[in-house]
Structure formats: structure tokens, C-alpha cells
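Trainee: Structure below; questions to follow.
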Ligand SMILES: [Cu+2]
């Protein structure tokens, strides 16, 4: 099992959370999706066979852009 995080600055309400959860959750191999409304971080747990690109594609498909996530700096509040 692998866990990856994606910084998605466009997350602003529960609609965004649901749209991203639905799109990313539909990617084969994805087990769990958590969308943080406060930190705007999408956390994806998957089987390890899922490419980062496939998840980014799904987030884009939902209508949101992904920024590179830097866990050492942390996230700026909008
Ligand atoms: Cu929204």
C-alpha cells in the first residue's frame, strides 16, 4: 500500500471535496481518498500500482490543478 499527497489549492468547499473524492476514488487501485478542506491536501492511499500521473489526471478531470507538494515547507493558508 502506498500513500501520496497532492497539494490542490483550488479546494474551497464540500463540493470540491466530493468532486475530487469521486474522481480519484474511481481510479482503479485507489483504496482511499481524503481531501483536506483546511490544508487543501488530497491524500490518496492506493495499491502501489497506481501512477502519480493517473491520480493527477483524475484531479484535473474533477476540474482542479495540482501543485507540487512540499512536506518540508508546509502549506500556505490561502
Ligand atoms: Cu468547492
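Trainee: So the check is Cβ under 6 Å with 6+ separation or different chains; which pairs have a first residue in segment 4-30 that's more than 15 Å from residue 43 (Cβ to Cβ) and a second one that's more than 12 Å from the ligand (Cβ to nearest atom)?
Mentor: The qualifying pairs are 9/67; 29/46; 29/47; 29/49; 29/50.
Trainee: Of everything in segment 5-37, what is more than 13 Å from the ligand (Cβ to nearest atom) and surrounded by 17 or more Cβ atoms within 10 Å (Cβ to Cβ)? Give them in sequence order.
Mentor: Of everything in segment 5-37, those that are more than 13 Å from the ligand (Cβ to nearest atom) and surrounded by 17 or more Cβ atoms within 10 Å (Cβ to Cβ) turn out to be 6, 7, 23, 24, 27, 30, 33.
Trainee: Looking only at segment 31-48, decide whether some residue is part of a helix (DSSP H, G or I) and either modelled with pLDDT under 95 or touching a strand residue (DSSP E or B) at 6+ places or on another chain (Cβ under 7 Å) (or both). Steps first, please.
Mentor: Just the residues of segment 31-48 that are part of a helix (DSSP H, G or I), to begin with: none.
Looking for residues that are part of a helix (DSSP H, G or I) and either modelled with pLDDT under 95 or touching a strand residue (DSSP E or B) at 6+ places or on another chain (Cβ under 7 Å) (or both), one finds none in segment 31-48, hence no.
The values are calculated or read from the model by the stated rules, or taken from the named source; none is laboratory data. Keep in mind that what you see is a predicted model, and the values were worked out from it rather than measured. All Cβ positions, glycine included, derive from the backbone under ideal geometry; neighbour counts span all protein chains shown.
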